[in-house]
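The structure under discussion appears below in the form of C-alpha cells.
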Amino acid sequence: MKHLLSTADLTREEAIAILDIAEEMRESGTRAIKKLPALRGRTVVNLFFEDSTRTRISFEAAAKRLSADVINFSAKGSSVSKGESLKDTAQTLLAIGADAVVIRHPDSGAPARLAATDWIGLPIVNAGDGTHEHPTQALLDAFTLRRQVALRNGTNPLGQGLDGLKVAIVGDILHSRVARSNLWLLKTLGAEVTMVAPPTLLPVGAHSWPCTISYDLDAVIASGIDALMMLRVQGERMNAAYFPNPREYSRYWGLDDARLATLDASGAQTLIMHPGPMNRGLEISSAAADSPRSTVLDQVTNGVAVRMASLYMLLSGDLI
Amino acid sequence: MNYLIQQAAILGDEVQDVLIVDGKIAQIGTIEATDDVQVIDAKNLVLLPGLVDTHTHLREPGREDAETVETGSQAAALGGYTAVHAMANSTPVADTAGVVEQVYELGRQAGWVDVRPVGAVTVGLAGKQLSEIGAMADSRAAVKMFSDDGICVWDPLLMRRALEYVKAFDGVIAQHAQEPRLTEGAQMNEGEVSSILGMPGWPAVAEESIIARDVLLAEHVGARLHVCHVSTSGSVEIIRWAKARGINVTAEVTPHHLLLTDELVRTYDPVYKVNPPLRREADVQALRAGVADGTIDVIGTDHAPHPSESKDCEWGAAAMGMTGLETALSIVQHTLVETGLLSWADVARITSTVPAQIGRVADQGREIAVGQPANLTLVDPAARWKVDPSAMATKGRNSPFAGMELPGQVRATFFHGHPTVLEGKLATPRSANA
C-alpha cells in the first residue's frame with residue numbers, strides 16, 4: 001500500500017489487514033502508557049485545507065501515539081489564503097522534512113492528484129476530499145461494526161469481514177464522501193448496502209452503484225438492518241432547494257424518536273452510527289444518538305486506532 | 001515565388017499537378033516543371049482547401065503568457081489552417097471596433113493565417129447590453145461572427161435581440177450553450193463517473209435546453225444561429241430536428257469531443273478539464289453520426305492554450321480548455337475518415353468550405369479550381385506520429401492527446417500561395433504587404 005486515497009483501491013485482504021492491525025492498536029490504547037515507538041523520528045504533516053477539528057485531532061493523536069512528530073498545517077491564515085498553490089505548499093512541506101502527508105481538501109481528487117504527480121513523492125492519506133471519499137472514516141465504521149458484531153456473537157473479530165451484514169446509509173448521499181467510501185469498503189467486506197435519501201440528495205448516476213436505493217426509510221428499517229449510518233445534513237442544503245425545510249426532512253429521513261421506538265419494539269439489534277458532527281433534531285434525535293444502540297463515541301475512539309494502523313502501514317514498509 | 005505541387009490527390013481522389021502563380025491556382029492537370037517554379041513533391045499526399053477554424057482562443061490581447069496571435073497562428077499553419085476565428089474573451093474583451101481591429105492587425109502582421117476576430121455579443125461578455133456590433137462589422141476587421149463564448153448568452157430576450165440585430169450586418173451569433181443555473185460549480189459531465197468521483201455534475205440538459213430555446217428563437221426572428229462545440233447526443237437530435245424544420249442553424253463539434261470521454265476524468269488530471277466537458281461514449285458516437293449525416297456542419301477546435309501553472313494543479317483549481325490546432329486534422333482522420341464515416345471531400349467541407357461560409361471569410365474555403373486563391377493544405381494520410389506537446393508551436397502544453405499515436409500529418413500549407421509550412425515544419429510567414 002503506497003497511499004490511502006480511496007477504499008475502492010483496497011482489496012479484501014488489505015482492508016482486513018488494516019482492521020486487524022487497528023485491533024492491536026486499539027488494545028494498546030487501553031494501556032496506562034498508550035505510546036508505541038513504531039514511527040519515532042518520522043514526521044507526519046496534517047495538511048488541512050478545510051476546517052475539521054475532529055478528523056485532524058484524530059490523526060494527530062494517531063501519529064503521536066506512534067511516536068511520530070506531527071506538523072499541523074491549516075489553510076486559514078496561511079500562505080494558501082495568499083494564493084499559494086497546492087503544489088508549492090506540498091513541496092514546502094517536503095522541504096521541511098515531512099515523511100507522509102495527511103490531506104483534507106475541498107476539491108474531489110486533490111489527494112489523488114498529489115499522489116499521481118511528481119510534486120512530492122510521499123505517502124498520501126486522504127482525510128476527506130470534496131464530495132469524493134473519506135477512506136479512514138469508512139475503515140473506522142467497518143472496524144466498529146465488525147467489533148460490535150463480534151462482541152454480540154462472542155467471536156473474535158480478527159480476520160473477519162462483514163459478510164452478510166445489512167447496512168443502510170441514510171441522508172445526504174450526494175455530498176457525502178463518507179457514503180462513497182463506505183459503499184466500496186462495505187461491498188469489499190461482503191456487506192449489503194442500501195442508500196436512503198430524498199431523490200434530490202442522490203447523485204444522478206447512483207443507479208450504477210452496487211447497492212439498493214430507496215426513498216423510504218421506514219420500509220428499509222422494517223426490512224431488518226444491522227446498522228443505520230446516519231449522515232450529517234447541512235442546513236444550507238435547504239436553501240438550494242434540496243428539501244423544503246428541516247421539519248420535513250426529519251419527518252421522512254430523520255432517525256427520530258418514533259422510528260427509534262419502532263426499532264426498539266421490533267426487537268431488532270440494529271446499531272445506530274453517525275460520523276459526526278451530528279445535527280441533533282435534524283437527521284438524528286437526541287434519544288437515538290444517546291441510546292444503547294448508538295456507536296457514535298465508540299466510532300471516535302476506533303478512529304484513532306484505524307488511523308494509527310493506516311499510518312503504520314504506509315510508513316513502516318511492505319507489510320502486505 | 002511560384003509553386004508546382006506534383007501528383008497530389010485532390011480531395012483524396014484524382015491525382016493532378018497544381019500550379020500556383022501569384023497566390024492563385026493557375027493550372028490543374030499534368031504540368032511540366034519549369035525553372036521559375038519550386039516543385040513540391042506531393043506523391044501519396046492529399047490536397048485539401050486550407051482549413052478554416054470557427055473557434056480558437058488566441059489569448060491576445062491580455063494573456064500573452066498563454067498564447068499570442070503569432071504563436072497561435074503558427075500552430076494553426078502547422079495544423080493545416082489558413083484562417084482562424086479568434087474568440088472575443090480577451091482582456092480587454094473584443095467588444096469594440098478598436099479591439100477587433102487590433103487582433104486583425106496582429107494577425108495580418110504575423111502573416112501565418114487569416115485571423116478573423118469574433119466580436120462579443122454583449123459588453124464585457126456581461127450579458128447585459130449589446131456591444132457595438134455594427135461598428136465591429138464595419139471595421140477593418142469586418143467581423144461577421146459574434147459570440148460571448150466561454151459564457152452563454154443566457155437572457156432569452158437579449159439573445160432574441162442579438163439574433164435579430166446581427167441580421168442587419170449579415171452576421172451570425174455563435175452561442176456557447178450552457179444554462180448557468182444548472183451548471184453552477186460544475187466540473188465534469190454529470191453521470192455515472194461523476195457520481196463515483198464526487199464531482200459536481202454538468203448535465204447534458206444544461207446544453208440541450210439552451211440549444212432548443214435558441215433554434216426556436218432563430219426560427220421566430222428568421223436569424224442565423226451557430227451552435228459552438230456541441231457535446232451531447234441530445235443536442236445532435238435537437239439540431240437535426242431544427243434543420244429538418246428549415247431553421248437556419250449551423251453546428252460545430254470539437255475534435256476532443258469526437259474521441260475522448262469522461263472516463264478520463266478518473267485520473268483527476270486537469271488536462272481533461274474542458275468546457276463543455278468530455279461526455280459519455282454514447283455521446284461521442286452520436287456526434288460522429290451527426291457529422292456523418294450533416295447535422296453537425298463544422299469542426300471547431302476550441303483551441304484553448306493555458307500556461308502550465310493553470311493545469312499543474314488540482315482539478316478544482318485548474319483552468320478549462322485544451323489545445324487543438326496542431327492535432328485537429330489527425331483526430332478528424334482518426335475518428336471520421338478511418339472509421340469510414342467521411343471521405344476527404346467531406347473533410348474539406350467540414351473543415352474548410354462550410355466554416356468559411358459561416359464566418360463569411362473572403363478567399364477561404366474555396367473550390368480547388370483554376371483562378372481561386374491558393375489557400376491549400378497537403379496532408380500525408382499514411383503518416384503516424386506521436387503527440388508531443390513540448391514540440392508544438394502553441395505556447396499551451398495542455399494537449400489531451402499527449403503521448404497518443406495519431407494518423408495523418410500536415411506536410412505543407414499554402415496561405416494565399418505562400419508556403420507557411422513545408423516538409424511538415426514552419427516555413428516563413430507571408431508578408432503583410434503582399
Quick check: anything in the range B:267-288 among the acidic types (Asp, Glu) and assigned to a strand (DSSP E or B)?
-> no
Quick one: which of B:Leu19, B:Leu47 is crowded, with 24+ Cβ neighbours inside 10 Å, at pLDDT 95 or above and part of a strand (DSSP E or B)?
-> B:Leu47
Matching residues in the range B:230-271 - criterion: being more than 13 Å from B:Arg288 (Cα to Cα) and touching a His at 6+ places or on another chain (Cβ under 7 Å) = B:Thr250
Hey, among B:Asp65, B:Asp35, B:Asp95, which residue is at pLDDT below 95 and over 16 Å from the mean Cα position of the chain (by Cα)?
-> B:Asp35
Residues of the range A:194-229 being within 14 Å of chain B (Cβ to nearest Cβ) and either among the β-branched types (Val, Ile, Thr) or within 20 Å of the chain's Cα centre (by Cα) (or both), which ones?
-> A:Met195, A:Ala197, A:Thr200, A:Leu201, A:Leu202, A:Pro203, A:Val204, A:Ala206, A:Trp209, A:Pro210, A:Cys211, A:Ile213
Name the single residue, out of those in the range A:47-67 being touching a helix residue (DSSP H, G or I) at 6+ places or on another chain (Cβ under 8 Å) and farther than 17 Å from A:Gly303 by Cα, that is surrounded by the most Cβ atoms within 10 Å (Cβ to Cβ).
-> A:Leu47
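One line per residue, one yes/no per condition, for (1) within 14 Å of chain B (Cβ to nearest Cβ); (2) assigned to a helix (DSSP H, G or I); (3) among the small types (Gly, Ala, Ser):
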| residue | (1), (2), (3) |
| --- | --- |
| A:Met25 | no, yes, no |
| A:Arg31 | no, no, no |
| A:Leu39 | no, no, no |
| A:Leu47 | yes, no, no |
| A:Ile71 | no, no, no |
| A:Thr92 | no, yes, no |
Tell me, please, whether a residue that is of a type in the set (Val, Ile, Thr) and closer than 24 Å to A:Leu162 by Cβ can be found in the range A:252-266.
-> no
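Per-residue answers, yes or no, for (1) more than 10 Å from the chain's Cα centre (by Cα); (2) among the hydrophobic types (A, V, I, L, M, F, W, C); (3) under 23 Å from A:Arg104 (Cα atoms); (4) in the same structural domain as A:Cys211 (by TED's automatic domain parsing):
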{"position": "A:Leu139", "(1), (2), (3), (4)": "no, yes, yes, yes"}
{"position": "A:Thr144", "(1), (2), (3), (4)": "yes, no, yes, yes"}
{"position": "A:Ala179", "(1), (2), (3), (4)": "no, yes, yes, yes"}
{"position": "A:Gly190", "(1), (2), (3), (4)": "yes, no, no, yes"}
When only residues in the range B:343-386 that are assigned to a helix (DSSP H, G or I) and small (Gly, Ala, Ser) count, which is surrounded by the most Cβ atoms within 10 Å (Cβ to Cβ)?
-> B:Ser352
Count - residues of the range B:252-280 that are in contact (Cβ under 8 Å) with a residue 60 or more places away in the chain, β-branched (Val, Ile, Thr) and within 14 Å of chain A (Cβ to nearest Cβ) = 2
The one condition in (1) closer than 28 Å to B:Gly150 by Cβ; (2) under 19 Å from the mean Cα position of the chain (by Cα) that B:Asn375 fails to fulfil | (1)
If only one of A:Asn126, A:Asn153 is closer than 28 Å to A:Thr212 by Cβ and within 13 Å of chain B (Cβ to nearest Cβ), which one is it?
-> A:Asn126
State which residue pairs qualify: first residue at pLDDT 95 or above and inside the range B:337-355, second residue surrounded by fewer than 20 Cβ atoms within 10 Å (Cβ to Cβ) and assigned to a helix (DSSP H, G or I) in any location, beta carbons under 6 Å apart, and separation of 6 or more residues or different chains.
-> B:Leu341/B:Ala292
Out of all the residues in the range B:147-170, is one or more β-branched (Val, Ile, Thr), more than 14 Å from chain A (Cβ to nearest Cβ) and buried (at least 21 other Cβ atoms within 10 Å of the Cβ)?
-> yes
In contact with a helix residue (DSSP H, G or I) (Cβ under 9 Å, 6 or more places away or on another chain) and away from every other protein chain (no Cβ under 14 Å): does that describe A:Thr117?
-> no
In the list A:Asn239, A:Asn245, which residue meets the criterion of being more than 23 Å from the chain's Cα centre (by Cα), more than 14 Å from A:Leu174 (Cβ to Cβ) and within 14 Å of chain B (Cβ to nearest Cβ)?
-> A:Asn239
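Hey, among A:Leu114, A:Leu162, A:Leu86, A:Leu140, which residue is touching a residue at least 24 places away in the same chain (Cβ under 8 Å), crowded, with 23+ Cβ neighbours inside 10 Å and touching a Lys or Arg at 6+ places or on another chain (Cβ under 7 Å)?
Step by step, each of A:Leu114, A:Leu162, A:Leu86, A:Leu140 is checked, and only A:Leu162 is touching a residue at least 24 places away in the same chain (Cβ under 8 Å), crowded, with 23+ Cβ neighbours inside 10 Å and touching a Lys or Arg at 6+ places or on another chain (Cβ under 7 Å).
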Positions within the range B:307-336 being within 14 Å of chain A (Cβ to nearest Cβ) and either in a loop (DSSP other than H, G, I, E, B) or under 20 Å from B:His176 (Cα atoms) (or both), in sequence order = B:Pro307, B:Lys311, B:Asp312, B:Cys313, B:Glu314, B:Ala318, B:Ala319
Is it the case that the range A:61-70 has a residue that's closer than 26 Å to A:Gly130 by Cα, touching a strand residue (DSSP E or B) at 6+ places or on another chain (Cβ under 7 Å) and in contact (Cβ under 8 Å) with a residue 12 or more places away in the chain?
-> yes
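The values are calculated or read from the model by the stated rules, or taken from the named source; none is laboratory data. Because the structure is predicted, anything quoted here is derived from the model rather than measured. Cβ coordinates were reconstructed from backbone atoms using ideal geometry, including for glycine residues, and neighbour counts include every protein chain displayed.
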